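The values are calculated or read from the model by the stated rules, or taken from the named source; none is laboratory data. Here the structure is a predicted model, which means the values were calculated and not measured. Every residue, glycine among them, receives a Cβ derived from its backbone with ideal geometry; neighbour counts consider all protein chains shown.
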């Protein structure tokens, strides 16, 4: 009987015991024993990216789809680990559970200005739930288990575990780890549930504000049941337009500055708002009474107590799980007497959907981005997963797509990251290989991670990347046009033929120009079963400005 194993094998056993069947990374010399253990064990798939940042985004998306911590291997101490900073910061502000196993230089070489030495622990401390170095072989297993537990407990987030190179080779006791038991929150208290029911009973203009807590808790059915019993409209927080089925009669879509006018009117005019599994954070409200009424009575429930009532006063403040709270409220609350509010909402939302339908008829050339999005919306299968990037085109896409199945939208959320969508699509496909995955991105964003097209192909993870090419950094171009007299510097770009690059990598490329051609291109791409890039030229003048509060009116410049 083997009573000792090396650290790499111990790490493999812990990951396997906790249901981690896929990990992401980029091969480096700092943890070859772990790679060897994965090869010999054969129960954990490895997706090797071409850049550590992209590997982190893949793990982030995988975590959001599975509910388990996404594991990324920073397999090279120093530069390889530092490349993960962007991905960890993204996961931190998305509250996405991630465990980074970060290689570090050997213990004997630390603090000697050694090759590739950098203070990794300090680097990640502000952007993670914990950044900690393992210093003793006997602590490797319990500290890895603690990292998995911490990443997926309470408000989720990334944990970075730095492991010196020599610990992967060091002898540790042979372990047979058991799956960790992760504590989960319950519903809001019975007292708070009763108070919310009383608040709803007197509401004349009630609305339910639903956030990502319903996605982590697999709570779509509970949210839908609550809305249907109360017959109260539901709005989604930014990036979570998939909390309810598209066109459900009580779903208004995404609210706030990145949402639609109907959902935003509801939150501004509501006299009672029940907030479940959301923070009412900046991306959803701008922390402004332009989006949440100053006199709105708020009942606020979130898994993280410190978020409750932080940005807007909460009359009822409770800590709890969104799904369980919705289920309890469904049993307790009665349908409020507010038919005029319901009728107004139904009329407004039907008008909005009718307007969106007309966007499919915009016949300008180059193609208007809203025409492209309308064609995408009509073509996507109901079980499709969409990943979005940040930028002007994706700003227009944020509330213009149709999400039918649960867990069908992945966005950068609060980090506002450009270049996220392609790698995230690969991670989502690895988590759900039977569902179609489509990344919708601007031409600038694809350039960040275009080499990962090769990763998708080499690992047989076919995705579709739709590149809406307006030859610009669109958000900045819009600001320069509106606030700086049209003086463009750095805003206009020329991107390569990404469709041709996909073909060079062994995938499929489709070039699209003019309205009416996006839908057949997308159908062809989805039917092909290949990683496909659809590059579509869109109108470079069709831009939106979002943050008008940041800039002053254009100033005249003295030519002298």
Exercise for the section: From 183, 151, grab the single residue that is within 23 Å of residue 71 (Cβ to Cβ), outside the structural domain of residue 306 (by TED's automatic domain parsing), surrounded by 23 or more Cβ atoms within 10 Å (Cβ to Cβ) and within 29 Å of the chain's Cα centre (by Cα). Expected result: 151
Fill in the blank from the handout: Taking the stretch 502-556 and keeping only residues that are out of contact with any helix residue (DSSP H, G or I) (no Cβ under 7 Å at 6 or more places or on another chain), surrounded by 13 or more Cβ atoms within 10 Å (Cβ to Cβ) and part of a helix (DSSP H, G or I), one is left with 503, 520, 521, 524, 525, 526, 528
Fill in the blank from the handout: Reported set for the stretch 125-146 where residues are closer than 19 Å to residue 107 by Cβ and either in a helix (DSSP H, G or I) or not assigned by TED's automatic domain parsing to the domain that holds residue 16 (or both) is 137, 138, 139, 140, 141, 142, 143, 144
Completion exercise
When the stretch 471-501 is checked residue by residue, the ones that are buried (at least 17 other Cβ atoms within 10 Å of the Cβ) and part of a strand (DSSP E or B) are 472
Exercise for the section: Might you let me know whether the stretch 413-425 holds any residue that is part of a loop (DSSP other than H, G, I, E, B) and touching a strand residue (DSSP E or B) at 6+ places or on another chain (Cβ under 7 Å)? Expected result: no
Practice task
Could you grab me the full set of residues in the stretch 268-281 that are under 26 Å from residue 412 (Cβ atoms), touching a helix residue (DSSP H, G or I) at 6+ places or on another chain (Cβ under 7 Å) and surrounded by fewer than 24 Cβ atoms within 10 Å (Cβ to Cβ)?
Solution key: 281
Exercise for the section: Output the number of residues of the stretch 434-448 satisfying the condition of being surrounded by fewer than 24 Cβ atoms within 10 Å (Cβ to Cβ) and more than 15 Å from residue 527 (Cα to Cα). Expected result: 2
Exercise for the section: Would you mind telling me which numbered condition in (1) over 28 Å from residue 389 (Cα atoms); (2) in contact (Cβ under 8 Å) with a residue 60 or more places away in the chain residue 261 fails? Expected result: (1)
Practice task
Restrict the check to the stretch 57-64 and report whether at least one residue is part of a helix (DSSP H, G or I) and surrounded by fewer than 23 Cβ atoms within 10 Å (Cβ to Cβ).
Solution key: no
Completion exercise
Checked the stretch 36-55 for anything part of a helix (DSSP H, G or I), in contact with a helix residue (DSSP H, G or I) (Cβ under 9 Å, 6 or more places away or on another chain) and either touching a residue at least 60 places away in the same chain (Cβ under 8 Å) or farther than 24 Å from residue 449 by Cα (or both); matches are 36, 37, 38, 40, 41, 53, 54, 55
